[in-house]
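Computed from the coordinates by the stated procedures, all read-outs in this text should not be read as laboratory data. The shown structure was predicted, so the numbers you read here are calculated from the model rather than taken from an experiment. Reconstructed Cβ throughout: ideal geometry from the backbone, glycine too, with neighbour counts over all protein chains shown.
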Amino acid sequence: MDLEQLKYPIGQFSMPKVFDQKQIDTWIGEIEALPRQIQDATNNLTDDELNQTYRPEGWTLQQVVHHIPDSHLNAYIRFKQAFTEDIPVIRPYYEERWAETEEAKNGDIKLSIDLLTGLHQRWVAFLKTLKVEDYQRKYIHPAQNKELTLANMLGMYAWHGKHHLAHITNTIIK
């Protein structure tokens with residue numbers, strides 16, 4: 001497998017041309033399902049398996065599991081900011097530094113799976129209250145220096161969960 005395929009096992013995110021309630025429901029369903037999928041994929045992993053990297057010089061599977069709620073917690077906050085403020089400038093975070101913290105490298109993944117489970121329950125409850133037009137609300141990501149919509153963000157984070165789930169499931173020694 002080449003490096004690009006290891007980095008992006010499901011390909012990179014691409015916003016579809018049609019964004020409608022059917023697409024919203026699909027992506028919300030993917031976000032809702034992710035915690036159980038991560039739990040199922042990691043249920044019986046040994047410490048050696050959790051310490052495998054999904055690509056050369058990449059994160060360990062343990063770091064990937066901890067990264068997902070870190071990232072999605074930031075996404076949830078950004079979603080709420082974009083919904084309650086007029087085109088806010090969101091605060092970026094250094095995900096690579098977060099992944100190098102001691103608890104992300106060596107902590108019990110059950111803590112992050114539990115966090116992800118509760119976070120996604122709350123996030124999905126919020127997402128289900130939004131109307132199609134609400135997803136056109138925008139925020140500014142200073143690192144990208146452009147306005148992005150909640151529609152784009154919803155798709156990106158549905159993709160993000162599947163992206164990292166594939167890192168886990170593709171790496172596990174069978």
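By its C-alpha gyration tensor, with a ≥ b ≥ c as the square roots of the eigenvalues, how is the range 1-85 shaped: rounded for a/c under 1.5, else prolate for a/b larger than b/c, else oblate?
prolate
Please compute the contact order of the range 1-75 in relative form: average sequence separation of alpha-carbon pairs under 8 Å and at least six residues apart, divided by the residue count, as a percent.
Working: 21 pairs, mean separation 19.2, N = 75.
26 percent.
Please provide three numbers in whole Å: the alpha-carbon extents of the range 42-156 along the principal axes, with the largest listed first.
Answer, in whole Å and largest first: 46, 29, 20 Å.
Please work out how much length the chain gains when fully extended from residue 53 to residue 110, using 0.36 nm per residue of separation minus the C-alpha to C-alpha distance, in nm with one decimal.
Full-extension gain reported as 18.6 nm.
Excluding residues on the same chain fewer than 8 positions from residue 146, give the lysines whose Cα lies under 20 Å from its Cα.
Cα-Cα hits under 20 Å: 17, 80, 138.
Determine, from the Cβ-Cβ distance of residue 36 and residue 94 and an R0 of 25 Å, the FRET efficiency 1/(1 + (r/R0)^6), rounded to the nearest 0.05.
On the way: r = 29 Å, r/R0 = 1.16.
Calculated transfer efficiency: 0.30.
So what is the relative contact order for the chain, in percent, with contacts set as C-alpha pairs under 8 Å and at least six apart?
37 percent
What ³J(HN,Hα) values, in whole Hz, does the Karplus curve 6.51 cos²θ - 1.76 cosθ + 1.60 give for the range 21-34 when θ = phi - 60°, with x put for Gly and Pro?
4, 4, 5, 4, 4, 4, 5, 4, x, 5, 5, 5, 7, 4
Based on other C-beta atoms within 10 Å, arrange 30, 133 from fewest to most.
So the residues, fewest neighbours to most, are 133, 30.
Can you pull out the GluC sites (Glu not before Pro) in the range 34-127 whose DSSP state is coil and whose Cβ has at most 10 other Cβ atoms within 10 Å?
Within the range 34-127, the qualifying GluC sites (Glu not before Pro) (loop, at most 10 other Cβ atoms within 10 Å) are 57.
Loop-only check: which chymotrypsin sites (Phe, Trp or Tyr not before Pro) in the range 50-96 are DSSP coil with at most 14 other Cβ within 10 angstrom?
Passing sites in the range 50-96 are 93, 94.
Whole-Hz Karplus ³J(HN,Hα) for the range 95-111, in order, using 6.51 cos²θ - 1.76 cosθ + 1.60 and θ = phi - 60°, x for Gly and Pro?
After applying 6.51 cos²θ - 1.76 cosθ + 1.60, I find 4, 5, 6, 4, 5, 8, 5, 4, 6, 6, 7, 10, x, 5, 5, 4, 4 Hz.
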